[in-house]
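Taking it in order: structure first as structure tokens, then the write-up.
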Amino acid sequence: MLHSPNYASKTNTPTGVLQSVAAMTGQRDRDLLARSLVSTLTELMHCKRITMYRILPGDQGEEAILMAEDFDHSDNASLYPEVSIAISSRADFNSVFKSAKESVQPINNTTQLSVYPVIGQHGVVGLLEMISDAHSDMEKHLILAFLKVFSNYLTLLDESETDTLTGLLNRRTFDNNIEKIIAEHAVADDDTSQRPARRMEGSELPHWLAIIDIDHFKRINDEFGHLYGDEVLLLLSRNMKRIFRTRDKLFRFGGEEFIVVLDRTGEENAKAVLDRFRAAIEEYHFPQVGNVTISIGFVRLDKADVSSAIIGRADQALYYAKQNGRNRICFYEDLVDAGKLSGARYSDDLQLF
């Protein structure tokens, strides 16, 4: 939205800035944090549009994925930012990503396009794009200061949401992540008014949830000790990061139990990538321990689901895999269709074997 210069000047005071920082750092969710930053900067600056992108690896190199946006209420379709942009396709994005320094280009005599880097623990993790009047030195310093606060707070969130041993997301973050994905499916399926250009390719495909359990892990701990057991967990998690996509959500759920939420893809591809991971672990040589195998049960996520039902179905598929040879993947719906599961039993508590 557009704000008058008088409004911006009232907000751009020590008290106003502190209130904006307090509001932004009151968020505990990355997407809400990004929206809060964008909304704050919109209030502080006279902008036609502000857009925040996160950077993720893609098939053709890094991509900028839309996180948050704020703009005036013009019906001009050109003001709608793209949902996904290849970093290499835009010289300004590519320059900022590689140099970690802002880029400012004039659009006309009164308007400029600015791109600022969002710095994370491992370099540039996002981009902030602004279409606005030319910024004064004070406004530029204020933008950079807010981005620094955002980056620091993002690092704190990362540390609170990750498992200390493996670096994967921890169990505490699971419910929030899965609820967001379910809500995303409901919105995507029910909202037929979305502009086609603003829908990401493959957005009609489902997510998939897989529970991964290390076979005979208690035996590993008993025979080799917990130190080598922890090493198995660490090396397995590294293989997860190597094989699954950055867009997939990887969790250590506790003990030897892991969960993968596969980003939107087809059923056959979901089966293929999970079986590729199973085979990779079977072939991997773990120091001292030797060979280790895993069992996997997985399900399709549905917009009408609740997390306990999703986990319950995946747990049934995992239990079947464990009871029928281990070192295999089982798809819940296939087991139900084949009459091997009733499709009715699950517990609110995750019980893995």
Fewest to most Cβ atoms within 10 Å: His216, His185 sort as His216, His185
Provide the gained length on full extension for the span Ala23 to Asn291, in nm with one decimal, where the gain is 0.36 nm per separating residue minus the Cα-Cα distance. 91.4 nm
Net length gained if the chain between Arg326 and Phe224 were fully extended (0.36 nm per residue, minus Cα distance): 34.6 nm
Relative contact order %, the range 171-337, counting alpha carbon pairs below 8 Å whose residues are six or more apart: 29
Among Arg219, Arg49, Arg252, Arg247, what is the fewest-to-most ranking by other Cβ atoms within 10 Å? Arg219, Arg247, Arg49, Arg252
Whole-Hz Karplus couplings 3J(HN,Hα) for the range 237-252, θ = phi - 60° and coefficients 6.51, -1.76, 1.60, Gly and Pro as x, run 5, 5, 5, 4, 5, 6, 8, 7, 6, 4, 6, 6, 9, 10, 10, 9
What does the charge dipole of the range 249-304 about its Cα centre add up to, to the nearest 20 debye, if the Cβ of each Lys and Arg holds +1 and the Cβ of each Asp and Glu holds -1? 220
Assuming R0 = 30 Å, can you tell me the calculated FRET efficiency for the pair Glu333 and Lys241, based on Cβ-Cβ distance, to the nearest 0.05? 0.60
State, to one decimal in nm, how far the label point of Ala86 lies from the label point of Ala145, with both points 7 Å from Cα in the Cβ direction. 4.0
Lysine pairs with alpha-carbon atoms under 22 Å apart, the range 171-337, spacing 8 or more or separate chains: 10
Residue by residue, what Karplus-based ³J(HN,Hα) values in Hz, rounded to whole numbers, does the range 311-319 have, using 6.51, -1.76 and 1.60 with θ = phi - 60° and x for Gly and Pro? 4, x, 5, 5, 5, 4, 5, 5, 4
Taking the convex hull of the alpha carbon atoms in the range 171-337, what volume per residue do you get, in Å³? 117
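No lab work stands behind these numbers, since they all come straight from the coordinates. Keep in mind that this is a model prediction, so the values were computed, not measured. Backbone-built Cβ (ideal geometry, glycine too); neighbour counts: all protein chains shown.
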